[in-house]
1. Kindly indicate which of S215, S198 is free of Cβ contacts under 8 Å to residues at least 24 places away in the same chain and hydroxyl-bearing (S, T, Y).
2. Criterion first (among the hydrophobic types (A, V, I, L, M, F, W, C), in contact with a helix residue (DSSP H, G or I) (Cβ under 9 Å, 6 or more places away or on another chain), free of Cβ contacts under 8 Å to residues at least 40 places away in the same chain and in a strand (DSSP E or B)) does L203 satisfy it?
3. Looking only at the range 50-66, which residues are touching a Ser or Thr at 6+ places or on another chain (Cβ under 9 Å) and either charged (D, E, K, R) or surrounded by 14 or more Cβ atoms within 10 Å (Cβ to Cβ) (or both)?
4. Given the conditions (1) surrounded by fewer than 20 Cβ atoms within 10 Å (Cβ to Cβ); (2) under 27 Å from K87 (Cα atoms); (3) among the small types (G, A, S), report the number of the one that G184 does not fulfil.
5. Give me a count of the residues in the range 177-233 that are hydroxyl-bearing (S, T, Y) and more than 18 Å from T163 (Cα to Cα).
6. Just name the residue that is nearest to M151 (Cα to Cα) out of those in the range 191-233 that are open to solvent by 70 Å² or more (accessible area, probe 1.4 Å) and among the aliphatic types (A, V, I, L, M).
7. Looking only at the range 129-146, how many residues end up being open to solvent by 20 Å² or more (accessible area, probe 1.4 Å) and assigned to a helix (DSSP H, G or I)?
8. Among the residues of the range 110-128 satisfying the criterion of being in a helix (DSSP H, G or I) and of a type in the set (G, A, S), which is surrounded by the most Cβ atoms within 10 Å (Cβ to Cβ)?
Amino acid sequence: MAAARHLRSGLSLLRARLAATEPVAAAQGSRGFASQVAKPTGKQIKVPEALYGGTGNYASALFLTAAKANVLDKVESEINTIVEASKKSPLFSQFIKDLSVPKETRVKAITEVFAEAGFSDVTKNFLAVLADNGRLKYIERIAERFVDLTMAHKGEVKVVVRTVIPIPEKEEKELKETLLHILGKNKTILVEQKIDHSIMGGLVIEFGQKVFDMSIKTRAKQMEMFLRQPLEF
């Protein structure tokens, strides 16, 4: 009962904080979670949000190529499959990270393996480019950034919520409605719940570059700091 009460209290505090920063959040949301990208047609295809750095450039290039070929969902599934394979297979993981393997061998092996697996030409060609440039070891980070682009393209926002108990259906619906009010009604909120007993109660919400910490642990630290301050008469 106490945990549920703290959770409801955290949701109320979240609404208050978001309301106080609504103009800023709305402006940042339009940049961070771009939804103005229409379904790509011809030369109108654009990357839904700017990514920087080497992995960002590769992810953006893959997005544009997959969008033009109208295979975004398939490529996303294939890229995620490769990441999972690298996590489960030590041999495959070592292969993609070992730059001592001759470039020609890497490209040939990658091309043959994923051709046999029935992967799309977009994914196969992309992996061949990574192998040729010695960038296969960054596939996990590239995949993460590629998924960020596909989610932004579809107007989806992933929200990670950490609590000490599972969020009841009513509270989860309330949370989604609160976030939609700030981010825009045309968004799709995808909630990922994580149980974290270290926060002691309340909740911590993360989406994009934002973190709203309404945990009991953080409130207790704030109270401790307040009580340590010297009294003024």
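1. Details: S215 fails: free of Cβ contacts under 8 Å to residues at least 24 places away in the same chain.
After applying the criteria, what remains is S198.
2. Considered against the rule, which asks whether it is among the hydrophobic types (A, V, I, L, M, F, W, C), in contact with a helix residue (DSSP H, G or I) (Cβ under 9 Å, 6 or more places away or on another chain), free of Cβ contacts under 8 Å to residues at least 40 places away in the same chain and in a strand (DSSP E or B), L203 comes out as no.
3. We begin by selecting, within the range 50-66, every residue touching a Ser or Thr at 6+ places or on another chain (Cβ under 9 Å); these are 50-51, 62-63, 66.
Selection gives L51, L62, F63, A66.
4. If we test G184 against (1) surrounded by fewer than 20 Cβ atoms within 10 Å (Cβ to Cβ); (2) under 27 Å from K87 (Cα atoms); (3) among the small types (G, A, S), just (2) comes out false.
5. Keep residues of the range 177-233 that are hydroxyl-bearing (S, T, Y), which gives 178, 188, 198, 215, 218.
With more than 18 Å from T163 (Cα to Cα) added as a condition, the list becomes 188.
Number satisfying all stated conditions: 1.
6. V211
7. Here is the first cut: in the range 129-146, the ones open to solvent by 20 Å² or more (accessible area, probe 1.4 Å) are 129, 132-133, 135, 137-138, 140-141, 144-145.
Applying the additional criterion that residues be assigned to a helix (DSSP H, G or I) yields 129, 132-133, 137-138, 140-141, 144-145.
Number satisfying all stated conditions: 9.
8. Taking the range 110-128 first, the residues in a helix (DSSP H, G or I) are 110-116, 121-128.
From what's left, of a type in the set (G, A, S): 115, 128.
Details: A115: 11, A128: 17.
Ranking the qualifying residues of the range 110-128, first place goes to A128.
The values are calculated or read from the model by the stated rules, or taken from the named source; none is laboratory data. Every value quoted in this text rests on a predicted model; they were computed, and no experiment measured them. When we count neighbours, we look across all protein chains shown, and the Cβ atoms used for this are built from the backbone with ideal geometry, even at glycine. Remember, those area values only see protein heavy atoms, side chains included, never the ligands or the DNA or RNA. Shrake-Rupley method; radii C 1.70, N 1.55, O 1.52, S 1.80 Å.
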